[in-house]
Structure formats: C-alpha cells, structure tokens
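Data block below; observations after.
The values are calculated or read from the model by the stated rules, or taken from the named source; none is laboratory data. A quick note: this is a predicted structure, and the numbers were derived from the prediction, not measured. Counting neighbours? That spans all protein chains shown, and the Cβs are built from the backbone with ideal geometry, glycine included. We work out accessible area using only protein heavy atoms, side chains counted, and drop any ligands, DNA or RNA first. Shrake-Rupley method; radii C 1.70, N 1.55, O 1.52, S 1.80 Å.
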Amino acid sequence: MRQYTGLDQLINSFDQALRSLVPGATASQRANPAHNEAAQLCVSDARHVAGLMRVNHSGEVCAQALYHGQALTAKLPHVRKEMQHAAIEEQDHLAWCEDRLKELDSHTSVLNPIWYGLSYGMGAIAGIAGDKYSLGFVAETERQVSQHLQEHLQQLPEHDDRSRKILEQMNEDELQHRDTALQAGGVVELPAPVRITMTAISKLMTKTSYYL
Ligand SMILES: [Fe+2]
Ligand SMILES: [Fe+2]
C-alpha cells in the first residue's frame, strides 16, 4: 500500500473538507428515498421544514468531519471496512438533505465550515485516544443524531412525505452505524467533559443552523 506523506494527507484532508462543504460536490450512491412522494407546503411550513433540513444537513457535515478526522488518526484495523461503509452512507445523507433544501428553495448553513472544523478536531482527538474511544465517540454521535432525527420527524408537517422518507431512511442508517460501532467495541463510556462538549456543540448547532 502507498505511504502518504504529511503533504499528501494535508491535501487529502482539504479535498475531503471541500467536498463536504461545497453544495453539489457530493453525489449520493443510493437513490433519494423521497422518490415520487408529494409535498404541498404553505410558505410558513416550507420555511420551517427548510430550517429543520438545514440543521440535519449541518449534522451530516459534522458526521463527515467526524469520520474524516477519525480516519486520520484511528487504527481500527478490524472495522475499517464498516467505518468506510458508514462514511459513504453519510455522503448519501448529505446529498439528500441538500436536494430537499434545493426543492424548498433554501440554502445550506453558512456556519458549516465551523461545525466541520470542530467535529474534525474531535474525531481526530478521539482517534488518538484509542480505537475504543473512537468507536465510543461514533456510537454516541450516532445516538444523538438519531435522537434529533426522531424529534424532527415529529415536527414535520403531516403532508411532507418527501422530507419524512429522507429522515426515516437516515434514522435507520444512523441506528445501524451506532450498532456497528457498539459491536466493534465502542461500548466505553466517554469522559464527562467530552460528552458535555458534544452536547454543547450539538445544541449550538441546532439553534443556529436553523436560521443561518
Ligand atoms: Fe447521517
Ligand atoms: Fe451515521
């Protein structure tokens, strides 16, 4: 296997970040779960759904960054394939959220570079701390993302089946990612400061990305 130099890695990291942050740069491998579902929304409902989808999109940017940061530092020899599979599914999520925002005539969050940077750093630190912590971090992140998705599913207007199908598929995938990380050894309880920081970032993200 080719050995990458520090410069190679820097360029690769920059490329990954750009792909996650520039709208339209990520294509989904699976078809959009919304298919031909209908969604007739009034202006205020459309605005609310766009806010929710913008938060979900920012969450997916964080997921990309977490997996990229983790891949930089974690060893994970026995679960590398599963982690890569999860990271590819996260790209689908990113692209589907972007599609829905476009349909709603809205935009992704301008704050995404900040969320990407913070999550990338946390993923890389978790990787340095050891595979057990790295997997524990993935499991906890996926659990929190699934919780948000379930809350958003409750908040969707009843007749927005397009957003609903996307969020349902995402939630199913996230729970699968959480289980994969747990089965691989991520059952470790994360240190309290880490959990508190994660919750604080996620709260800040959901509160601001809804509007910006
Ligand atoms: Fe995701
Ligand atoms: Fe996930």
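Multiplying the residue separation of Gln150 and Leu72 by 0.36 nm and subtracting their alpha-carbon distance yields 25.0 nm. Axis angle, to the nearest 10 degrees, between helix 131-155 and the longest C-alpha principal axis of the chain: 10 degrees. Helix 43-73 and the longest principal axis of the Cα set of the chain meet at an angle near 10°.
Annotation: per residue accessible area for the chain equals 53 Å², rounded to a whole number [probe 1.4 Å, protein chains only]. Of all lysines in the structure, the ones whose alpha carbon falls short of 25 Å from that of Lys81, not counting any fewer than 8 places away in one chain, are Lys132.
Under a Gaussian network description of the chain, with springs only between Cα atoms under 10 Å, the residue in Thr73, Thr197, Thr180 that fluctuates furthest is Thr197.
In this simple spin-label model, placing a label point 7 Å from the Cα along the Cα-to-Cβ direction at both Ile201 and Glu168 gives a separation of 3.2 nm. Surface composition of the chain: carbon and sulfur atoms hold 57% of the protein heavy-atom accessible area at a 1.4 Å probe.
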